[in-house]
Amino acid sequence: MYDYLIVGAGYAGSVLAERLARDAGKKVLIVDLRPHIAGNAYDHPDASGILVHKYGPHIFHTNSKEIFEYLSQFTEWRKFEHSVLAQVEGKLLPIPINLDTVNRLYGLDLDSAGLEKFFASVAEKVDPIRTSEDVVVSTVGRDLYEKFFRGYTRKQWGLDPSELSSQVTARIPVRTNRDSRYFGDTYQFMPLHGYTRMFENMLDHDNITIELGVDYREIKDSVSYREMIYTGPIDEYFDFRYGQLPYRSLEFRHETHDREVFQQAPVVNYPNDHEYTRITEFKYLTGQKHEKTSIVYEYPRAEGDPYYPIPRPQNAELNNKYQALVNETPGLYFVGRLASYKYYNMDQVVGQALTLYAKISQKIRGGRTVPASALAAPQ
Ligand code: FAD
Ligand code: UDP
């Protein structure tokens, strides 16, 4: 007899398993379809012994002290400030767009004040800002939008930026200084021994049973449990009652090269060339020393494992209909990127899971039932 059946051993499922087992003393069965824990953050040594991320580059960043301290119980960290170059017109230029990007692209010698004036002269007035095109053209103008954002976004999402909500390209800041870091967060680290090791430590508890390579639908009627926490795709759980929610998928091509360094930066983006969007070289992320180097190409796909919810108004509306079903079912909680159908980063999923745990533990101590879909992740 388990207290909780948890579907999915990624961040959402593993944080709840850990809290319920260690903090609340509950017995937990956690299952995952895949043959491993850690969900999309899974990493492993490849055939050459180089630590690689199976599902594409994962870099941890957060502004939340609470989330950072929570995860710090399960790992030591390596300081890592991510940086990305974009290949545009044969040049490798910093993205997010900053002072160096503009000066090198156009052969200018602007200072920060000059760049502010430049942006003011090229920015288009858009009111209200609704789409991913609006965000960029209203900040850096059309030429930079077309060179850095339009092609990449079309490739990545199979949609024009004008068809996507503003939040997608709003993830990428614009800077008028020379700061070339991809993220601006207070805490930017990689788990010193990798993500999988961190998850192993999280799930290492007598009250937690892990079953891998298992679809919960195969076992849900043969094990007994009191409540369920689900972290898979929400439309699938409800047998696509209102139709399919669209997800974007990726195909990953991993390669190992017989040289120490492959490219000039941890990630190189290709907004306008090639079928792939970006190449990641893992040793930059992990700090590993090795005479060879491993990289991964990302090819966006319409079919395949669901990796990205697609942020646009009609999808949000359909998702709201599904989320309403969750509230009708007592003892069922939905949490995580696919179950919420939200473009969450790792830290946001940890935050959402900790918030859900706080509500569940209140309920365990005698409070009321929690509508899981009402829970928000930190932005
Ligand atoms: P998942 O990790 O997807 O876990 C859900 C699990 O549920 C899966 O393992 C799945 O197999 C399992 N499951 C589904 N259905 C069933 C079923 N029927 N039965 C059993 N198990 C089931 N975030 C960052 O913060 N920084 C980054 O640099 C970053 N890079 C990313 C790069 C890529 C290419 C992608 C796709 C995502 C990236 N993310 C990044 C986002 C990050 O991966 C997610 O925020 C996080 O992994 C979500 O955790 P989760 O637990 O919600 O979902
Ligand atoms: N983007 C872009 N050009 C870039 C980098 C990002 O157009 O060089 C847009 C694109 O739409 C992308 C989004 O910004 O999907 C978010 O980028 P991010 O790097 O955060 O994507 P993720 O790592 O989640 O795939």
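The values are calculated or read from the model by the stated rules, or taken from the named source; none is laboratory data. Just so we're clear, the structure is a prediction, and the values are computed from it rather than from any experiment. Every residue, glycine as well, gets a Cβ built from its backbone with ideal geometry; the counts of neighbours run over all protein chains shown.
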*For region 333-379, enumerate the residues that are aliphatic (A, V, I, L, M), modelled with pLDDT under 95 and more than 22 Å from Y42 (Cβ to Cβ).*
I364, V370, A372, A374, L375, A376
*Among the strands (runs of 3 or more DSSP E) contained in region 19-99, which hold 2 or more residues that are farther than 16 Å from P191 by Cβ?*
28-32, 84-88, 91-95
_Search result, residues across region 218-270 that are within 16 Å of ligand 1 (Cβ to nearest atom), hydrophobic (A, V, I, L, M, F, W, C) and touching a residue at least 24 places away in the same chain (Cβ under 8 Å)_ = I219, V223, M228, I229, I234, F238, L245, L250, F252, A265, V267, V268
*Please name all residue pairs, on different chains or six or more residues apart, with Cβ atoms under 7 Å, provided the first residue is in region 276-290 and is more than 16 Å from ligand 2 (Cβ to nearest atom) and the second residue is β-branched (V, I, T) and not in a loop (DSSP other than H, G, I, E, B).*
K283/T293
_Please verify whether M228 is of a type outside the set (F, W, Y), buried (at least 17 other Cβ atoms within 10 Å of the Cβ), within 16 Å of ligand 2 (Cβ to nearest atom) and assigned to a strand (DSSP E or B), treating the condition exactly as stated._
no
*Taking region 141-164 on its own, how many of its residues are more than 10 Å from ligand 2 (Cβ to nearest atom) and either part of a helix (DSSP H, G or I) or crowded, with 19+ Cβ neighbours inside 10 Å (or both)?*
7
_For the condition under 26 Å from Y307 (Cα atoms), surrounded by fewer than 14 Cβ atoms within 10 Å (Cβ to Cβ) and within 11 Å of ligand 1 (Cβ to nearest atom), what is the one hit in P35, P45, P57?_
P35
*Please enumerate the residues belonging to region 230-255 that are out of contact with any helix residue (DSSP H, G or I) (no Cβ under 7 Å at 6 or more places or on another chain) and at negative phi.*
E236, Y237, R241, Y247, S249, L250, E251, F252, R253, H254, E255
_Here is a list: L29, L16. Which entry is over 21 Å from the mean Cα position of the chain (by Cα), within 15 Å of ligand 1 (Cβ to nearest atom) and of a type outside the set (D, E, K, R)?_
L29
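A quick yes/no check of all residues on (1) touching a strand residue (DSSP E or B) at 6+ places or on another chain (Cβ under 8 Å); (2) of a type outside the set (K, R); (3) surrounded by fewer than 20 Cβ atoms within 10 Å (Cβ to Cβ):
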position: N272; (1), (2), (3): yes, yes, yes
position: K292; (1), (2), (3): yes, no, yes
position: E298; (1), (2), (3): yes, yes, no
position: G304; (1), (2), (3): yes, yes, yes
position: Q314; (1), (2), (3): no, yes, yes
position: V335; (1), (2), (3): yes, yes, no
position: A339; (1), (2), (3): yes, yes, no
position: L356; (1), (2), (3): yes, yes, no
*Quick check: anything in region 276-294 in a loop (DSSP other than H, G, I, E, B), closer than 19 Å to V88 by Cβ, within 16 Å of ligand 1 (Cβ to nearest atom) and modelled with pLDDT of 95 or more?*
yes
*Does region 180-198 contain any residue that is assigned to a helix (DSSP H, G or I), more than 16 Å from ligand 2 (Cβ to nearest atom) and not hydrophobic (A, V, I, L, M, F, W, C)?*
yes
